Amino acid sequence: MKKKVADYLEKLLTDHGITVKQVETSKGRNNLIAELGKPDAKPVFAFAGHMDTVSFGDLDDWAHDPLSAEIHGDRLYGRGSADMKGNLAAMVIAMIDLADSKTKIPGRIRLLATVGEEYGAAGSKQLTEQGEVDDVDGMIIGEPTSGDVVYAHNGSLNYTVTSEGTPVHSSIPEQGVNALTNLVKFVNAEADLFTDVKPSKEVGPLVHSITIFNSGDQVNTIPGHAELQGNIRATPEFGNGAVIKRLNMITRGLSSAPGADLSFNVDMSFDPMVTDKEDPLVQLAQTESSKALNHEVELKVIHGATDASEYRKAENQFPIIVLGSGDWENAHKMNEYVELSQFLVMDDVYKEVALKALKELKKK
């Protein structure tokens, strides 16, 4: 499916004279990179968005077909309308507008459309590792922010802890090893594991939760296997590396006890992202979005994670903001929608921010 989206965007953009290439991430799943401006021109400003969505969930819970793009009043409904196909479309429209108007680009504008953001950010990880953002000087990620400018967000780390024991009949528990009991020791220890971590001045406290717990399949058998999964929203000051180190420490410590066999695995890791509130890109975006939406937009932080976590790992450090139409709280929900009054001006916001940012960078 993602290859079809990339193919559609490639044809649309090339029909308007925009240079495009696709980069295969896995079979049938391609990232897309498009550029405006003279080859090798500097500076470089990037628009970034992901082509994938989360699943529909139960279709009976949708009042509007999630693939219909139905419009009712000021709302366009559909899965991905807010997160984030609406803003990816606005970025594509911005590129086409600039190409058709033959606007002189004071550098280059690059569009990065990626796969797999919702399931581990495979696309942005690949592009970062391949050096596709090493020459970037500024970036907008088009997640839904209701037009506000997001300059920071938590990290997000998913992990699994597995406990192995020895199953026996429940009438002779002393002859086995209860994997569930050993895993509960981890649950109890994890509850106080991060109490010493001070809240971040930007994104607030580190948040941790154990969300999935599975053990046993028969009531009269001591379980020989148990596992849990947890999610942690790390902070810039106490990042994913520190979180992983501490989780590994507690798992190894519990496993050193007689009869205990626990293992820890990281399933997904998004690092925290922070751009200085006083950075010129943050201030420029706030000005342009406020002007387009006819009200003063806010500078905000969010507690989710974005592809910025991967782009932040580039050898070249550059300012990143998150900005788009649609409500962050509406993402992933049934009857997801984007407000057309926001969407219809977002391509202008993207154009103005990119062109003005490039002009200022050109002066340096």
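Annotations for the structure displayed:
- Answer residue from the stretch 328-337, given it is in contact (Cβ under 8 Å) with a residue 40 or more places away in the chain and either touching a Leu at 6+ places or on another chain (Cβ under 9 Å) or surrounded by fewer than 18 Cβ atoms within 10 Å (Cβ to Cβ) (or both) and is nearest to I93 (Cα to Cα) among those: Y337
- Restricting the first member to the stretch 304-325 and to residues that are touching a residue at least 12 places away in the same chain (Cβ under 8 Å) and among the β-branched types (V, I, T), and the second to residues that are in a loop (DSSP other than H, G, I, E, B) and crowded, with 24+ Cβ neighbours inside 10 Å, the beta-carbon pairs closer than 8 Å and six or more apart or on different chains are T306/E143; V322/G142; V322/E143; V322/T145; V322/T306.
- Identity of the residue in the stretch 338-354, among the hydrophobic types (A, V, I, L, M, F, W, C), crowded, with 18+ Cβ neighbours inside 10 Å and part of a helix (DSSP H, G or I), that ends up farthest from the chain's Cα centre (by Cα): V345
- For the stretch 129-139, the count of residues that are in a helix (DSSP H, G or I) and either at pLDDT 95 or above or open to solvent by 30 Å² or more (accessible area, probe 1.4 Å) (or both) is at least one.
- Residue satisfying all of: in the stretch 9-47; among the small types (G, A, S) and touching a helix residue (DSSP H, G or I) at 6+ places or on another chain (Cβ under 7 Å); nearest to A354 (Cα to Cα) among these: A34
- Set side by side, the residues A179, A260, A191 differ, and just one is more than 25 Å from S309 (Cα to Cα), open to solvent by 40 Å² or more (accessible area, probe 1.4 Å) and among the small types (G, A, S), which is A191.
- Qualifying positions in the stretch 69-95 - free of Cβ contacts under 8 Å to residues at least 12 places away in the same chain and touching a Phe, Trp or Tyr at 6+ places or on another chain (Cβ under 7 Å): E70
- Lone unmet requirement of (1) assigned to a loop (DSSP other than H, G, I, E, B); (2) under 21 Å from the mean Cα position of the chain (by Cα); (3) at pLDDT 95 or above for V219: (2)
- Within the stretch 203-216, the set of residues being at pLDDT 95 or above and in contact with a Ser or Thr (Cβ under 7 Å, 6 or more places away or on another chain) comprises just one member, L206.
- Selection within the stretch 210-220 - on the phi < 0 side of the Ramachandran plot and either in contact with a helix residue (DSSP H, G or I) (Cβ under 7 Å, 6 or more places away or on another chain) or open to solvent by less than 50 Å² (accessible area, probe 1.4 Å) (or both): I210, S215
- Among the residues of the stretch 151-173, the one identified as in contact with a Leu (Cβ under 7 Å, 6 or more places away or on another chain) and either basic (K, R) or more than 30 Å from P258 (Cβ to Cβ) (or both) is Y151.
- The listed residue being more than 24 Å from A122 (Cβ to Cβ) and open to solvent by 40 Å² or more (accessible area, probe 1.4 Å), out of L98, L76, L67: L76
The values are calculated or read from the model by the stated rules, or taken from the named source; none is laboratory data. Predicted model, so just to flag it, every value in this text is computed and none were measured. Methodologically, a virtual Cβ is constructed for each residue, glycine included, from the backbone with ideal geometry; neighbour enumeration extends over all protein chains shown. Accessible surface areas use protein heavy atoms only, side chains included; no ligands, DNA or RNA. Shrake-Rupley method; radii C 1.70, N 1.55, O 1.52, S 1.80 Å.
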